[in-house]
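Take a look at the structure below.
The values are calculated or read from the model by the stated rules, or taken from the named source; none is laboratory data. Quick caveat, the model's predicted, so the values are computed rather than measured. Cβ sites come from the backbone with ideal geometry, for glycine too, and all protein chains shown count toward neighbours.
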Amino acid sequence: MSSIHPSKDITGSKSRLIAGKRIALGICGSVACIRAPEIARELMRHGGEVWAVMTDAARQLISPDLMEWATGNPVVTRLTGGIEHVALGYGGEGSADLVLIAPATANTVGKMAAGIDDTPVTSLATTAIGSGIPLIVAPAMHGSMYRHPAVLENIKRLQSMGVRVLLPEVTEGKAKLIDWTAIVEEAIAALRPKDMAGLRVLVTSGPTRAYMDRIRFLTNSSSGKMGFAFAAEAAARGAEVTLITGPVEHPRLNVKVISVETTREMRDAVMKELSESAYDLFVMAAAPLDFEFDGTFDGKLASDSPVDLRLIPLPKILAEAKRTSPRTFVIGFKAEYGLAKDELMSRAHARLSDSGCDMIVANDLSLPGRGFMSETNETYVVFPDGSISHVPLKPKREVASQVLDLYLRRVGV
């Protein structure tokens, strides 16, 4: 039999962003612990190795066997002569690189704040704090408990110790665990290098709309995933990020979000940001429409007779962006369909020359797994000096990471 647990076959299936990183996942006795397997599995999909540590109260809600299945590793449910809390939290060889406690109950938050160690999770937390290992805590409890002055004070005390506390979402009288995908993103960010700290980054994502009447519009199939990947990765690496996104659902990210609908609205938002703030990098990953209707009908256009519509071209945001903020490094995108590589490169060079931007990321939407709606992409990064860097097919988050690496090398960061 293989020594590799079958549950680990998902490791790295979405990215290798945290490959080789070890995460200790503390689980407390809140009903929100049902999210723990999802959190563990998603961290594994990004390359992480997860060990679950459970309190007795958590074991009454979900089984340690479930967490062993989820992680493929033995689960710590009590402290033994193996001093599991030290092994996972002391910062030496074999220790966790990150301790994530999700969910954390009011009881556990209070004990951590006071340095009380009477469960595997609180003992792990104390060891991690004392060793300087990054610690993220995501509380979940009834709203009345969360409003208790002592609980709020304990959260502040943890924050003063350098603990990252992901405050709950208060709704329906409950202080609910924040969305588990946001918890995963915070964990990934804690494990990424901070080589973009101090940089300000503006990112656009998604499609735009051109309205024919008040309810019908022309758009494209852009999902925004490439732009979201750039925003998430830049923020994870320490940058201050503003995301301008078209009308698509976006993940919860630790960035400022500006929502727009039309190309003109996106253009106005971009120019406002670039003219009023000093951005180091602008990533134009959105796919705004190049055309709009020459007029918009009021109300709902009748559908019982032919309609003669005319499309007019819109100004390119890229060129205006560089003129508005010459000091900002601008990365543009050139998406084409069904072109030979030489023609794709030729059009990318032309866009680079016309727009005055500093880098163009080109791709062919006709190929499987590339571009709109897909989780992956393959791109060619074209520079003004004629050099080209190929980013082979991989998850969009990794594509974003590699393109940002190219940017950092270009500017000498």
Original post:
Would a scan of segment 237-250 turn up a residue that is over 22 Å from residue 381 (Cα atoms), surrounded by fewer than 19 Cβ atoms within 10 Å (Cβ to Cβ) and touching a His at 6+ places or on another chain (Cβ under 9 Å)?
Top reply: no
Original post:
residue 182 fails exactly one of the following numbered conditions: (1) over 17 Å from residue 23 (Cα atoms); (2) surrounded by fewer than 18 Cβ atoms within 10 Å (Cβ to Cβ); (3) aliphatic (A, V, I, L, M). What is the number of that condition?
Top reply: (1)
Original post:
Only one residue in 182, 150, 138, 114 is in contact with a strand residue (DSSP E or B) (Cβ under 8 Å, 6 or more places away or on another chain) and not basic (Lys, Arg), so which one is that?
Top reply: 138
Subject >> Restricting segment 128-147 to residues that are within 30 Å of residue 173 (Cα to Cα) and over 27 Å from the mean Cα position of the chain (by Cα), the residue that is surrounded by the most Cβ atoms within 10 Å (Cβ to Cβ) >> reply: 146
**OP:** Give me the pairs, please: first residue somewhere in segment 61-87 and at pLDDT 95 or above, second residue anywhere and of a type in the set (Lys, Arg), beta-carbon distance under 9 Å, and either six or more positions apart or on two chains.
**Re:** 70/41; 71/8; 71/41; 72/8; 73/8; 77/59
Original post:
Taking the condition touching a Pro at 6+ places or on another chain (Cβ under 8 Å), of a type outside the set (S, T, N, Q) and not in a loop (DSSP other than H, G, I, E, B), does residue 404 pass?
Top reply: no
Original post:
Can you find a residue in segment 251-264 that is buried (at least 22 other Cβ atoms within 10 Å of the Cβ), in the same structural domain as residue 312 (by TED's automatic domain parsing) and among the acidic types (Asp, Glu)?
Top reply: no
**OP:** State all residues of segment 220-277 that are touching a Lys or Arg at 6+ places or on another chain (Cβ under 6 Å), assigned to a loop (DSSP other than H, G, I, E, B) and charged (D, E, K, R); if no residue qualifies, say none.
**Re:** 237, 261
Subject >> Residue that is surrounded by the most Cβ atoms within 10 Å (Cβ to Cβ) [pool: residues in segment 381-397 that are over 15 Å from residue 227 (Cβ atoms) and touching a Leu at 6+ places or on another chain (Cβ under 7 Å)] >> reply: 382
Subject >> Near pairs, Cβ below 6 angstrom, 6+ apart or cross-chain, from segment 272-294 (without any contact (Cβ under 8 Å) to a residue 60 or more places away in the chain) to any residue that is assigned to a helix (DSSP H, G or I) >> reply: 275/324
Original post:
Among (1) crowded, with 22+ Cβ neighbours inside 10 Å; (2) in contact with an Asp or Glu (Cβ under 6 Å, 6 or more places away or on another chain); (3) not aliphatic (A, V, I, L, M), where does residue 228 come up short?
Top reply: (2)
Subject >> Some residue of segment 294-308 being in contact with a strand residue (DSSP E or B) (Cβ under 7 Å, 6 or more places away or on another chain) and surrounded by fewer than 18 Cβ atoms within 10 Å (Cβ to Cβ) >> reply: yes
Original post:
Does segment 169-219 hold any residues that are part of a loop (DSSP other than H, G, I, E, B) and touching an Asp or Glu at 6+ places or on another chain (Cβ under 6 Å), and which are they?
Top reply: 178, 199
**OP:** Residue by residue through segment 1-29, note down the ones that are more than 15 Å from residue 188 (Cβ to Cβ) and either surrounded by fewer than 18 Cβ atoms within 10 Å (Cβ to Cβ) or touching a Cys at 6+ places or on another chain (Cβ under 9 Å) (or both).
**Re:** 1, 2, 3, 4, 5, 6, 7, 8, 9, 10, 27
Original post:
Within segment 288-348, which strands (runs of 3 or more DSSP E) (wholly inside it) include 2 or more residues that are modelled with pLDDT of 90 or more and polar (S, T, N, Q)?
Top reply: none
Original post:
Looking only at residues in segment 18-71 that are assigned to a strand (DSSP E or B) and among the β-branched types (Val, Ile, Thr), which one is farthest from residue 139 (Cα to Cα)?
Top reply: 50
**OP:** Considering (1) modelled with pLDDT of 95 or more; (2) out of contact with any Pro (no Cβ under 7 Å at 6 or more places or on another chain); (3) not assigned by TED's automatic domain parsing to the domain that holds residue 405, say which one residue 178 fails and leave the rest.
**Re:** (2)
